[in-house]
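Where a number appears in this text, it was derived from the coordinates with a stated rule and is not lab data. Treat the numbers as computed from the prediction; the structure is a model and nothing was measured. Heads up, the Cβs are rebuilt from the backbone with ideal geometry, glycines too, and the neighbour counts pull from every protein chain shown.
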């Protein structure tokens, strides 16, 4: 027994909490390190550092179960997409005490281009005057010049290397109706989340719908499984089964936009999701 100035010091019997209960501890285990190396090779250390940074910068995500954060990260790693939310390719966001994986519209464009089947693909807002007429039978559009800064809808487009091309257009009113249908909390307008947030989520919605309905998703083409996997798992709490991923879509999910540390539709006291991405899924 050691002493200091005659005072006996007893060795504490308290054991520190298992390091494997923390995110950093789990990321340091051989099993998790091997998993990310399997998915990313030499890029694994950089990705893990990025994952830690994302969690560090989001107080609600820091409270999520570490295993769900790692599984969401593994999903992004399997798709080889960065999770820096300022880039807009993929996100890991808090949902109560769990973490969800979410795609950004830029991530969908990236995965589509990797297949080698898409010559061009894009999605954006449509301003007043830019669409003069739509042939509802052929799906052909007559385009015009922008006449104001008023957003009237959202357009997604792709052209395949074989020449096939497809547009999908949703008016602002259609997108708002879509939101009302899928969100209990949506009351109308675009200022519920802010114009930038609404437009960004709407762009993703129209692009995701276009790819789901008309895109080439064959698992036989180069990187085809990545695109179909993204569509299947977007917005879910991920379970990494090693040879495949499962996504739990129970409850409500929330979409994010670049630059948002904590979306303003998350209750800062409880971590409860107030609004959800269900309004923007097919």
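Which order do peptides 47-54, 226-233 fall in by mean Cβ count within 10 Å, highest first?
Ranking, from highest mean packing down: 226-233, 47-54.
Can you tell me how the range 56-214 classifies by the Cα gyration tensor, rounded, prolate or oblate, using a/c under 1.5 as the rounded cut?
Here the range 56-214 falls in the oblate category.
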